[in-house]
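Participant: Mind having a look at this structure? Questions to follow.
The values are calculated or read from the model by the stated rules, or taken from the named source; none is laboratory data. All values reported here derive from a predicted model rather than from experimental measurement. So basically every Cβ, Gly included, is an ideal-geometry build from the backbone, and we count neighbours across all protein chains shown.
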DNA sequence: TGGCATTTGTTCCTATTTTCACAAAGTATA
DNA sequence: TATACTTTGTGAAAATAGGAACAAATGCCA
């Protein structure tokens with residue numbers, strides 16, 4: 001399959017670029033906390049295992065944000081990156097499947113920092129439905145379409161068992177969901193106007209095991 | 001930075017190949033469950049969004065496993081892939097940080113299926129130390145080096161807050177850990193004989209948000 | 001002001017990854 | 001056995017990503 005390529009106004013770049021923007025943003029926020037005002041591409045990438053040229057090139061797809069001889073103004077670049085990534089406004093998301101992982105995510109405080117608000121959660125288990133975790137009410141998965149549509153939610157996390165993940169995906173998409181972060185170990189099929197990102201812990205671990213197993 | 005490349009006996013391939021092998025294995029297991037005996041590169045990759053040529057080339061780095069005109073014997077290929085990945089023997093791992101995510105992982109049943117056994121967990125919280133979750137006793141993080149060495153554990157998950165992740169990493173490595181699956185949102189620095197794999201939910205979500213925000 | 005030191009933005013080149021395309025090998029059928 | 005299909009394994013080509021290197025800006029200091 002061709003690596004997914006993103007083109008905006010004749011400028012094309014890969015999703016890898018976008019992922020790196022997130023990393024840059026994370027480190028810039030740390031720098032801002034330390035009251036550092038300016039940073040060069042050299043210094044910021046030392047922390048990240050990315051080449052300075054890569055950093056500059058990634059940014060160049062979106063404009064010119066630095067000052068020659070000086071570097072980048074930390075606060076300004078943070079603002080710009082938040083704008084580019086689209087996290088300068090609030091995003092409301094849903095979580096489907098409130099098992100171990102799902103409930104850990106409902107309580108995860110990392111999201112709100114990035115303007116991501118879990119608005120609703122769904123489960124099939126009658127014992128869980130109606131409960132409130134971290135201010136989020138667990139809804140009957142039977143009401144999935146209705147709630148998603150009503151709340152106009154466009155992003156969802158899937159934390160269900162793999163057997164039902166595709167069915168849930170179909171229902172989410174038909175209700176208007178356009179982006180899915182999938183934790184179920186299964187390759188989901190969707191129309192190509194829906195974006196999927198997979199978090200697959202078994203794959204990551206197997207990769208590490210392979211590396212350890214094949215040293216030298 | 002150069003993409004990490006793996007070379008075994010003059011044959012070189014990328015980590016991406018290894019990740020795909022995991023995906024192939026997962027789907028092959030599903031096929032085996034359905035009692036399907038043979039599968040062609042064409043059919044198996046239809047499920048996965050990967051090209052048939054890619055599948056064949058990925059396998060070709062490790063040998064010839066198919067039969068022309070027929071395809072691949074499912075059971076045999078599963079065995080081969082398990083061997084290649086190194087998951088035909090048991091891997092004992094540690095978990096550092098038993099917060100929401102850490103404790104979800106301690107209870108996660110997906111690991112044991114792949115010969116991955118969580119052997120020990122560490123936390124700093126006195127209230128958690130000594131507790132047993134899913135048969136795994138939570139140890140004082142002060143004993144980290146001692147336990148890791150005694151148990152000869154080579155792989156660890158890090159589920160701590162980001163501020164302490166680098167310190168924990170240093171201690172793990174000095175105790176003999178060679179592979180780390182990092183859930184903390186921070187870029188860890190290690191010697192290049194230690195392998196790191198990052199699971200970064202915020203990055204994944206930000207990527208989806210970017211895509212939704214820049215359609216058309 | 002002029003010269004030196006930095007650092008960006010970008011072009012061009014190199015390395016890597018993916019795909020194409022086809023010979024070789026196997027199956028099925030008459 | 002001959003012929004028509006399938007499907008693999010792989011070298012070569014195409015596509016993509018990464019990095020070196022340098023002109024253009026900017027700051028600093030004498």
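Participant: Among the numbered criteria (1) modelled with pLDDT of 95 or more; (2) within 14 Å of another protein chain (Cβ to nearest Cβ); (3) closer than 28 Å to residue A:98 by Cβ, which one does residue B:196 miss?
Facilitator: That leaves (3) as the condition not met.
Participant: Is there a residue in region A:44-51 that is within 15 Å of DNA strand D (Cβ to nearest atom), at pLDDT 95 or above, surrounded by fewer than 17 Cβ atoms within 10 Å (Cβ to Cβ) and outside any helix (DSSP H, G or I)?
Facilitator: yes
Participant: Let me ask another. Could you pull out the residue among A:46, A:54 that is farther than 23 Å from residue B:205 by Cα, facing another protein chain (nearest Cβ under 10 Å) and without any contact (Cβ under 8 Å) to a residue 60 or more places away in the chain?
Facilitator: Values: A:54 fails: farther than 23 Å from residue B:205 by Cα.
Checking each option against the conditions leaves just A:46.
Participant: Separate question: Pairs, please: C-beta under 8 Å, at least 6 apart or cross-chain, first residue on the phi > 0 side of the Ramachandran plot and in region B:170-193, second surrounded by 22 or more Cβ atoms within 10 Å (Cβ to Cβ) and not in a loop (DSSP other than H, G, I, E, B)?
Facilitator: B:176/B:148
Participant: Any residue in region A:68-80 that is within 10 Å of DNA strand C (Cβ to nearest atom), over 30 Å from residue A:150 (Cβ atoms) and free of Cβ contacts under 8 Å to residues at least 24 places away in the same chain?
Facilitator: Quick first cut of region A:68-80, residues within 10 Å of DNA strand C (Cβ to nearest atom) only: A:68-72, A:77.
If we keep only those that are over 30 Å from residue A:150 (Cβ atoms) as well, we get A:68-72, A:77.
Filter once more, so that each one left must be free of Cβ contacts under 8 Å to residues at least 24 places away in the same chain: A:68-69.
Yes.
Participant: Sticking with this structure for a sec: Identify, by number, the condition in (1) over 30 Å from residue A:175 (Cβ atoms); (2) in contact with a helix residue (DSSP H, G or I) (Cβ under 8 Å, 6 or more places away or on another chain); (3) away from DNA strand C (no atom under 12 Å from the Cβ) that residue A:9 doesn't meet.
Facilitator: The failed condition is (2).
Participant: Hey, among A:207, A:166, which residue is more than 10 Å from chain B (Cβ to nearest Cβ) and in a helix (DSSP H, G or I)? Break it down stepwise before answering.
Facilitator: Numbers: A:207 fails: more than 10 Å from chain B (Cβ to nearest Cβ).
Every option except A:166 fails the conditions.
Participant: I've got another one for you. For the condition touching a strand residue (DSSP E or B) at 6+ places or on another chain (Cβ under 9 Å), more than 8 Å from chain B (Cβ to nearest Cβ) and not in a helix (DSSP H, G or I), what is the one hit in A:188, A:172?
Facilitator: Working: A:172 fails: not in a helix (DSSP H, G or I).
It is A:188.
Participant: Okay, moving on. State whether the residues of region A:133-146 include one that is buried (at least 21 other Cβ atoms within 10 Å of the Cβ), assigned to a helix (DSSP H, G or I) and in contact with a helix residue (DSSP H, G or I) (Cβ under 7 Å, 6 or more places away or on another chain).
Facilitator: Yes: one or more hits.
Participant: For residues in region B:1-43 being free of Cβ contacts under 8 Å to residues at least 40 places away in the same chain, part of a helix (DSSP H, G or I) and over 19 Å from residue A:213 (Cα atoms), which is nearest to DNA strand D (Cβ to nearest atom)?
Facilitator: B:41
Participant: Ok, one more. Please state which one of A:38, A:62 is within 11 Å of another protein chain (Cβ to nearest Cβ), within 10 Å of DNA strand C (Cβ to nearest atom) and over 26 Å from residue B:191 (Cα atoms).
Facilitator: A:62 is the lone residue from the list that is within 11 Å of another protein chain (Cβ to nearest Cβ), within 10 Å of DNA strand C (Cβ to nearest atom) and over 26 Å from residue B:191 (Cα atoms).
Participant: Just wondering, is there one or more residues in region A:65-79 that are within 11 Å of DNA strand D (Cβ to nearest atom), more than 28 Å from residue A:198 (Cα to Cα) and out of contact with any strand residue (DSSP E or B) (no Cβ under 9 Å at 6 or more places or on another chain)?
Facilitator: Here is the first cut: in region A:65-79, the ones within 11 Å of DNA strand D (Cβ to nearest atom) are A:66-71, A:73.
Still in the list and also more than 28 Å from residue A:198 (Cα to Cα): A:66-71, A:73.
Still in the running and out of contact with any strand residue (DSSP E or B) (no Cβ under 9 Å at 6 or more places or on another chain): A:68-69.
There is at least one residue in region A:65-79 that is within 11 Å of DNA strand D (Cβ to nearest atom), more than 28 Å from residue A:198 (Cα to Cα) and out of contact with any strand residue (DSSP E or B) (no Cβ under 9 Å at 6 or more places or on another chain).
Participant: Looking at region A:81-119 only, could you name the residues that are free of Cβ contacts under 8 Å to residues at least 24 places away in the same chain and at the interface with chain B (Cβ under 10 Å from one of its Cβ atoms)? Reasoning before the result, please.
Facilitator: Filtering region A:81-119 for residues free of Cβ contacts under 8 Å to residues at least 24 places away in the same chain gives A:83, A:86, A:100, A:104, A:108-113.
Correct list: A:83, A:86, A:100, A:104, A:108, A:109, A:110, A:111, A:113.
Participant: Identify the single condition in (1) part of a loop (DSSP other than H, G, I, E, B); (2) at the interface with chain B (Cβ under 7 Å from one of its Cβ atoms) that residue A:202 does not satisfy, given that it satisfies every other one.
Facilitator: Condition not satisfied by residue A:202: (1).
Participant: I'd like to know if region B:147-158 contains one or more residues that are out of contact with any strand residue (DSSP E or B) (no Cβ under 6 Å at 6 or more places or on another chain), within 13 Å of chain A (Cβ to nearest Cβ) and under 20 Å from residue B:117 (Cα atoms).
Facilitator: yes
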